[in-house]
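For reference, the structure discussed in these notes is given below.
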Amino acid sequence: MTPSQREGLFFLAAFALCIPAANWMIGNIGAVCVPGGPCLIPVAPGLMAPSGVLMVGLSLVLRDMVQRRLGLLAAIGAVLAGGAISALLAPPALVVASVAAYLLSEFADLGVYTPLQKRGLVLAVAASGAVGLVVDSVCFLWLAFGSLDFLAGQIVGKAWMVLATLPVVHWLRRRDERLGIA
């Protein structure tokens, strides 16, 4: 197994853990937990979001890295497996919302990342993350809570995670160029 494939398996494992972690965080971690609703964290001054946004934002970037290291078919398989994991581990009240938002956002991410990746890795990750986080936010909030009350917070929270990863993505691209990795 090549170092690139080992790195891909690391990204795959981290990706697989994101959605169960997000579902757990929504019900257990936050500055405030709304009765019958999510636990919330501050994502900007005066702006709160369900705590799982952090892991969802990270998952969008990790899916891109799985595709970069292991290929498109592995990324598609990872998204489908992630949907199944989400269905098995999500709290019963969140199963439909979690699975639908996950699948729609990850495939939207894939649809944007795939054609852009040849133009530039950082651009592809940023653009696909932006599309994926909006799709995930709208779908999850509407299906889970019948409301878009936390939409701005969801988008900002996920965007922070995507932005936080871009320096690492840039470093990976530069390292890959030095090592002659695709």
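Total residues in region 24-54 satisfying the condition of being buried (at least 22 other Cβ atoms within 10 Å of the Cβ) and either free of Cβ contacts under 8 Å to residues at least 60 places away in the same chain or assigned to a helix (DSSP H, G or I) (or both): the figure is 5. Name the single residue that is modelled with the highest pLDDT among those in region 90-124 being part of a loop (DSSP other than H, G, I, E, B) and of a type outside the set (Gly, Ala, Ser). Among those residues, the one meeting the criterion is Gln117.
Name the residue, out of Leu80, Leu12, that is under 25 Å from Ala144 (Cα atoms), out of contact with any Pro (no Cβ under 8 Å at 6 or more places or on another chain) and either without any contact (Cβ under 8 Å) to a residue 24 or more places away in the chain or surrounded by 17 or more Cβ atoms within 10 Å (Cβ to Cβ) (or both). So that I can check it myself, show each step before the final result.
Working: Leu12 fails: under 25 Å from Ala144 (Cα atoms).
Result: Leu80 is the single residue among Leu80, Leu12 that is under 25 Å from Ala144 (Cα atoms), out of contact with any Pro (no Cβ under 8 Å at 6 or more places or on another chain) and either without any contact (Cβ under 8 Å) to a residue 24 or more places away in the chain or surrounded by 17 or more Cβ atoms within 10 Å (Cβ to Cβ) (or both).
Does region 58-79 hold any residues that are among the β-branched types (Val, Ile, Thr) and out of contact with any Ser or Thr (no Cβ under 8 Å at 6 or more places or on another chain), and which are they? Correct list: Val66, Ile76, Val79.
Looking only at region 55-77, residues that are touching a residue at least 60 places away in the same chain (Cβ under 8 Å) and of a type in the set (Ser, Thr, Tyr) come to 0 in all. Here Gly111 fulfils each of the conditions (1) buried (at least 17 other Cβ atoms within 10 Å of the Cβ); (2) within 15 Å of the chain's Cα centre (by Cα) apart from (1).
Leu141 fulfils the conditions (1) over 14 Å from the mean Cα position of the chain (by Cα); (2) at pLDDT 95 or above except for a single criterion, (2).
Would it be correct to say that Gly57 is assigned to a helix (DSSP H, G or I), modelled with pLDDT of 90 or more and under 15 Å from Ala22 (Cα atoms)? First the steps, then the outcome.
Numbers: assigned to a helix (DSSP H, G or I): yes; modelled with pLDDT of 90 or more: yes; under 15 Å from Ala22 (Cα atoms): yes.
For Gly57, the condition - assigned to a helix (DSSP H, G or I), modelled with pLDDT of 90 or more and under 15 Å from Ala22 (Cα atoms) - is met.
The values are calculated or read from the model by the stated rules, or taken from the named source; none is laboratory data. This structure is a prediction, so every number in the text was calculated from the model and none was measured. Counting neighbours? That spans all protein chains shown, and the Cβs are built from the backbone with ideal geometry, glycine included.
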